[in-house]
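The values are calculated or read from the model by the stated rules, or taken from the named source; none is laboratory data. A quick note: this is a predicted structure, and the numbers were derived from the prediction, not measured. Here Cβ is always computed from backbone atoms with ideal geometry, including for glycine, and neighbour counts include all displayed protein chains. Protein only, heavy atoms only, side chains kept; ligands, DNA and RNA dropped before computing areas. Shrake-Rupley method; radii C 1.70, N 1.55, O 1.52, S 1.80 Å.
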Amino acid sequence: MKSNSFALAAMAAAVHAASAYAQVVPPAATLPEVVVTGNPLGSDLFELASPASLLQGAELFQRRGSTLGETLDGLPGVAATGFGPNASRPVIRGLDGDRIRILQNGAGMLDASSLSFDHAVAADPLVMERAEVVRGPAALFYGGNAVGGVVNIIDNRIPQTAVNGISGRAETRFGGAAREKATGIVLEAGNGSLALHADVYTRDTDDLRIKGFARSARLRAADPQAGEAQGVLPNSASRSDGGAVGLSHTWARGYVGISRSAYNSFYGTVAEPEVTIDLQSNRWDLAGEVRELGKAIRALKFKAGSTDYEHVELDAGAPATRFRNKGKDLQLEAVHGDIGPLRGAVGLQLTDSDFSALGAEAFVPGTSTNAKSVFFFEELPLGRLKITFGGRHERTEVGSEGGGAVPFGAVDPRFGAAQTRTFSGNSGALGAVWSFMPGLALAVNGSYTERAPTYYELYANGPHAATGVYEVGNTAFGKEKSKALDIALRMKSGKHSGSITVFNNRFSNYLGLFDSGNTRGADGELNPADAGDGTSLNTGEEILPEFAYRAVPARFRGIEGEGRFRLFERGGTIDLLVHASHVRADDRSSGQPLPRIAPWRYGAGVEYRRDRLSARLDATVYDDQDRVAAGERPTDGYTMLNAALTYRLPANGLRLEAFLRGVNLLNEEARNHVSFLKDIAPLGRRSAQVGLRGQFH
């Protein structure tokens, strides 16, 4: 594992020295519930037209996992791809991949996690301060690739407000089904003008311990095997480390700053017993804001990021395929002066990335993607009613290098001649929030989105080892178009709060990956004769099912809700927590279900707090999923019972807490229907995790 920053290497020793303290986050009550994702003017959750969730403080600690997907899984409308324990992206309302935009402090991640489910998101939740999740289309601010939603990881690597003195937080945790050992430290120091941020983290896990066999009962019945894995998920261990250094200058009316960060990870892919991934991502970020400029322009903001991402897939330790993505993202926003009661902002976004995949398992050619966008957003308050509206125009070029260099200097004919496709997309949204009674509000948001096809939807043509299929794109695709409507009822009264949302998202031409009914040899041979052992009689290459990208009319609709209600308050407090999520997704032309859609999920929990002690017990029921696409197997339901106990230790000048966390207390054999690997990689067995977290000011 390489570390590419001198500053990070210098900090590494501090991890073990500080691990007797611990990390995490201030109490949730000290952090405002104001979100910036989805509204450049900022908004309270209760008054945001788009459905959103905010994860921070104690709630973030309860959910924090080893991956971003695992951490966010269980929020209203949010599931996770779960490609084993080491690679997991969020899935929002049944949409995943490039329909979910993942940001870091408002700038695009520009890794390769959307290309393949075995590619990890290049960020560790251990030093994340908060996460903002916008559910449903957010193309207005983040482009057509946010048609499913946005996840914004906020870690304060460029401090935006004055820092006086030194503060910090740290966390160390041990145990769990993967025998995790993880430590993260965050330090900030400043003199009221200059502010320094530094963080560092390290994580090691063993192979995941599981209940029973790695392969599902359905798979074992169809294909019995001797000596198969039981009790442990092979090739699921991992180790990762990284960190960042950031410096900013703050003053009464703004800030400007820079940060440098690195993320390194080495992990098993689970799907292939001899394949591991060695990943490095290095990133520079610039950001700034100037407020109170004048009547015409009240504030200017900018965010810029440059990412150099690379991972090598190793087969039995030997390099097999190298993926690389180098990209830049720039966003400028100007908040204009009030025009009567109208408040708003205009913006410009430029994104450029160059992707390459070289090696035996490269199923896409080298590509470049360039997008230029302009957008506007307006708010119109009318007493108890607030109306929001805006629009975005985006021009995207997606170019292919065609049959490029492959091992031994050959040219791969699968990718054809180089070509470039250009798309002009328009998106718009209109929303309203009506506070019709004290503590009650009705939010309605409608949107129209046009999304340019991604490079792999256009140009894929090859065996994709992670999914075990031969993927074929279509260079003739046009823009993907969709219309969405959300209606939410929200309640907030004292210690009680809750919301329930219904949604409907209709695609005129949803670009999905479907079983074509054909087979391919790994070299591209169509419907080859089988030699009897799953290989081509003509070439000896492995035979794979062909999955082709097709444009189909589709509809995603569902309901989601959550609530927190104070049951008892005398000496200590007891809160009841409830939640439920459901999505149904169909190909409207055939009425058939779309693949990998999460089942009904509902649950409840109780949380007790008194003085230094807090305890929480949560139960979530995942229904059977037997409404499946062609070629999919059903998934049995299960109940996940988790618990957490936290005790704040006496410590002068420190907030120091010890914790004990229990996961899957019923020891269920749990399989995530959303995962491509559900039949060979269950979730972890019953386990316990202990740790220490703390902070000082």
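Which value, in Å³ per residue, describes the convex hull spanned by the Cα atoms of the range 199-342?
Output value, Cα hull per residue: 205 Å³.
Determine the calculated [θ] at 222 nm for the chain from helices alone, applying -39500 (n - 2.57) to every DSSP H run no shorter than 4 residues and normalising by the residue count; nearest 500 deg cm²/dmol.
It lands at -1500 deg cm²/dmol.
Among Asn164, Gln104, Gly144, which residue has its Cα furthest toward the positive end of the charge dipole of the range 84-165, with +1 on Lys/Arg Cβ and -1 on Asp/Glu Cβ?
Towards the positive end, the residue furthest out is Gly144.
Rounded if a/c is under 1.5, else prolate if a/b beats b/c, else oblate: with a ≥ b ≥ c from the C-alpha gyration tensor eigenvalues square-rooted, which is the range 107-199? Before the final figure, lay out the partial values.
Working: a/c = 2.69, a/b = 1.26, b/c = 2.13.
It comes out oblate by the Cα gyration axes.
Show which lysines lie in cross-link reach of Lys492 when reach means a straight Cα distance below 26 angstrom and same-chain residues fewer than eight apart are skipped.
Lys386
Please list the equivalent ellipsoid semi-axes of the range 381-538, computed as the square roots of five times the alpha-carbon gyration tensor eigenvalues, in descending order and whole angstrom.
Working through the eigenvalues yields semi-axes of 48, 21, 12 Å.
Take each of the peptides 85-94, 628-637, average the number of other beta-carbon atoms within 10 Å over its residues, and list them starting from the highest.
Listed from highest to lowest mean packing, they are 85-94, 628-637.
What's the long-distance tail for the chain, i.e. % of Cα pairs beyond 43 Å?
Above the 43 Å cut-off, the chain has 21 percent of its Cα pairs.
So how much accessible area does Thr420 have, in Å² to the nearest 10, using a 1.4 Å probe?
Taking all protein chains as shown, Thr420 has close to 90 Å².
With a cap of 14 neighbouring Cβ atoms within 10 Å, and only residues DSSP puts in a loop, list the chymotrypsin sites (Phe, Trp or Tyr not before Pro) found in the range 470-542. Don't jump to the answer; show the numbers that get you there.
Working: sites: Tyr470, Phe477, Phe503, Phe507, Tyr510, Phe514; in loops: Phe477.
The qualifying sites: there are none.
With a ≥ b ≥ c the root eigenvalues of the C-alpha gyration tensor of the range 502-648, is it rounded (a/c under 1.5), prolate (a/b larger than b/c) or oblate?
Values: a/c = 4.23, a/b = 2.26, b/c = 1.87.
Prolate.
Give me the Debye-computed log₁₀ of I(q)/I(0) at q = 0.18, 0.19, 0.21, 0.29 Å⁻¹ for the range 491-550, equal point scatterers on Cα only, no solvent, two decimals.
-0.71, -0.75, -0.81, -1.09
Which ³J(HN,Hα) values, rounded to whole Hz and listed in residue order, are derived for the range 97-113 from phi using the Karplus coefficients 6.51, -1.76 and 1.60 in 6.51 cos²θ - 1.76 cosθ + 1.60 with θ = phi - 60°, glycine and proline given as x?
Result, rounded to whole Hz: x, 7, 8, 10, 8, 9, 10, 10, 6, x, 10, x, 6, 6, 9, 10, 5.
Highest mean first, what order results for 290-299, 522-531 on Cβ atoms within 10 Å?
In descending order of packing, they fall as 522-531, 290-299.
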